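Below is one structure, written out as structure tokens; comments come after it.
The values are calculated or read from the model by the stated rules, or taken from the named source; none is laboratory data. Predicted model, so just to flag it, every value in this text is computed and none were measured. Here the Cβ positions follow ideal geometry from the backbone for every residue, glycine too, while neighbour counts run over all protein chains shown.
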Amino acid sequence: MKRMANCKGAAIVLMLLLVFVTACSGGGQPSGEANESGGQTADKGTTDGGTGTAEEDQPADPAGKYDPPIEITTVRIVNDTFKYAEGEDISNNVWTRTMEEKLGIKVKYDWVVSGDGPGGQGEQKMNVSIASGDLPEIVPVNARQLKQLVEADLLMDLTDIYEKYASPFLKEIMTQDGPNALASATFDGKLMAIPNTGSAMDGAPMVWIRSDWLQKLNLPEPKTMDDVLHIIEAFTTQDPDGNNKADTIGMSLNKDLYGGYATIDGFANSYHAYPRIWVKDGSGKLVYGSIQPEMKTVLAKLQEMYKKGQIDREFGVKDTGKAAEFAAAGKVGVHFGQMWNPLWPLVDNKKNDSNAEWQSYPLMSIDDQPARPQTSMAVGTYYAVLKDAKHPEALLKLINLFVETGWGETTTPENYAAHFTSDGIERFKYAPFQAWPARKNLDIHLHILEAEKSGDATKLNPEEQDNYKQIKDYLNGTGTELGWAYDRVFGTTGSFATINHYVNENLLYQNEFFGAPTQTAVEKDATLQKMELEVFTKIILGDPIDNFDKFVADWKKLGGDAITEEVNAWYAAR
């Protein structure tokens with residue numbers, strides 16, 4: 001691992017900070033307390049394209065190739081879904097070859113760790129690297145870690161580098177989901193990292209219902225939340241699978257309540273409750289959604305449903321994987337989930353039962369006010385550059401290459417397939433630095449609809465053509481269950497029809513808070529979230545509903561009030 005000289009002086013400070021970061025590794029609401037970064041402009045003394053001329057004396061080239069090639073150092077956090085062709089690995093693959101061929105950039109990984117979940121091996125390894133000062137030139141970090149590095153004055157100010165080297169297409173992508181992604185990486189007006197952008201709308205919750213069971217029980221499609229509740233009851237009591245056994249449940253939940261398959265946030269949104277995000281109250285102040293009175297109503301209803309057997313009796317010990325297995329086995333008919341659920345786990349239900357059909361619906365309201373699905377800023381990783389990195393602009397060039405290969409005007413179907421999904425392998429995961437268009441998936445849906453209407457698929461980009469072909473093959477009877485899943489996501493009545501409805505009706509309910517963690521959140525939030533999960537789970541399982549009131553009081557006393565003050569200070573200073 002490359003030990004940067006200026007890291008050593010901050011290592012002791014960072015070791016102390018690490019105690020708090022590790023305690024909060026389970027996630028939580030961040031805050032954007034900004035400190036003077038002291039970062040440098042960092043575009044002086046670099047070379048571009050191997051000309052030997054200082055970058056400041058020549059035009060910036062977002063796609064310029066280094067000659068001779070340069071080497072940059074970073075680290076990688078992977079997971080079990082990374083698959084490779086024979087003879088390849090994370091350091092030898094189509095992306096490493098393309099990066100060197102097109103840009104003259106060799107990427108060296110100081111370390112590679114598997115485990116990319118919150119609090120996982122990757123986060124722990126990065127925490128240790130930060131605390132010890134053993135850091136590469138380009139550092140992939142989460143919001144907490146970014147704030148640590150900024151406060152320790154280790155990072156380069158990328159403001160000018162971004163303006164000069166981010167391609168026009170990349171700049172468009174960075175703001176497709178609004179200004180918050182770049183704002184979350186900005187401290188005291190300085191851009192201190194490049195966010196790996198995603199899509200907030202893609203995370204919007206919706207309700208999934210087994211439509212073949214609806215037809216079997218002669219039930220109409222739901223129009224209100226009361227209709228959904230009636231369907232859940234019918235799927236529990238009326239033997240929708242027709243095996244003459246009382247072995248089906250109406251609705252899935254997983255024991256963690258938030259994240260993964262079968263969560264409660266969509267259900268809560270139907271009651272105008274917004275757990276785990278920050279929302280405005282009547283005075284315009286930010287408040288934590290999980291402690292608002294609407295959440296008590298949600299828990300009371302879930303408790304009632306659990307007592308009636310409409311929720312899996314064993315949900316309290318089933319993680320998202322085990323809950324998914326129940327759905328794949330055909331034992332559940334409703335869950336509140338997200339757009340990607342057909343790809344997992346519903347496709348496995350389809351494989352096990354060719355008659356199984358699932359339909360997504362927008363969230364429905366319990367009253368006459370529209371249900372609004374909650375979303376949060378879709379940035380999980382930030383790419384920061386240490387001050388003495390020799391080629392900070394290389395980061396932007398590599399991200400430019402990624403977005404152009406995926407969706408740019410110069411890419412081709414063959415080039416896209418080779419770098420993204422050829423041979424059934426998700427090769428895009430090999431690219432060390434990425435950014436994703438927020439509207440990418442919604443545009444796939446809309447463009448496929450246009451192609452279906454016109455019969456002309458020539459205007460589709462390479463990714464859209466791939467999805468369109470899989471859908472058409474399935475509908476023509478020559479495809480696979482994966483084609484069914486793509487149809488349930490991108491097809492005429494797929495989940496992106498639901499998301500398109502949210503967008504057109506301006507229903508998405510954004511988390512109002514997108515900064516780095518507040519000081520109290522770093523110290524207390526992991527404990528508060530653990531308490532929330534325990535209390536909510538026990539109430540659903542049968543504890544007195546008034547325990548919610550005690551939870552609210554405890555949350556405030558044990559750090560929640562302080563976090564709320566800090567969050568509102570951030571909000572006022574934006």
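Values for this structure:
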read-out: Considering residues of region 493-526 that are hydroxyl-bearing (S, T, Y) and within 25 Å of S270 (Cβ to Cβ) only, the residue surrounded by the most Cβ atoms within 10 Å (Cβ to Cβ); value: S495
read-out: Residue identified as within 30 Å of F187 (Cα to Cα), under 20 Å from the mean Cα position of the chain (by Cα) and among the small types (G, A, S) among A378, A324; value: A378
read-out: Count of region 159-199 residues which are crowded, with 18+ Cβ neighbours inside 10 Å, aliphatic (A, V, I, L, M) and closer than 25 Å to Q519 by Cβ; value: 6
read-out: Test result for L214, of a type in the set (A, V, I, L, M) and surrounded by fewer than 19 Cβ atoms within 10 Å (Cβ to Cβ); value: no
read-out: Test: residue in region 394-404 that is over 22 Å from the mean Cα position of the chain (by Cα), modelled with pLDDT of 95 or more and polar (S, T, N, Q); value: no
read-out: Any pair with Cβ under 7 angstrom, 6 or more apart, that starts in region 208-231 at a residue that is closer than 16 Å to Q310 by Cβ and ends at one that is assigned to a helix (DSSP H, G or I) and hydroxyl-bearing (S, T, Y); value: none
read-out: Test result for S365, assigned to a loop (DSSP other than H, G, I, E, B), surrounded by fewer than 19 Cβ atoms within 10 Å (Cβ to Cβ) and in contact (Cβ under 8 Å) with a residue 60 or more places away in the chain; value: yes
read-out: Count of region 449-468 residues which are farther than 22 Å from T410 by Cβ and buried (at least 16 other Cβ atoms within 10 Å of the Cβ); value: 2
read-out: Search result, residues across region 298-314 that are assigned to a helix (DSSP H, G or I), in contact with a strand residue (DSSP E or B) (Cβ under 9 Å, 6 or more places away or on another chain) and farther than 25 Å from T498 by Cα; value: M305
read-out: Boolean, L449 is outside any helix (DSSP H, G or I), closer than 22 Å to I499 by Cα and over 21 Å from the mean Cα position of the chain (by Cα); value: no
read-out: Matching strands (runs of 3 or more DSSP E) fully within region 232-297 where at least 2 residues are closer than 23 Å to P370 by Cα; value: 278-280, 286-288
read-out: Meets criteria (over 25 Å from I130 (Cα atoms) and either under 19 Å from the mean Cα position of the chain (by Cα) or modelled with pLDDT of 95 or more (or both)) for T421; value: no
read-out: Evaluation of I130 against (1) modelled with pLDDT of 95 or more; (2) touching a helix residue (DSSP H, G or I) at 6+ places or on another chain (Cβ under 8 Å); (3) surrounded by 21 or more Cβ atoms within 10 Å (Cβ to Cβ); (4) within 30 Å of G64 (Cα to Cα) (one fails), failing number; value: (4)
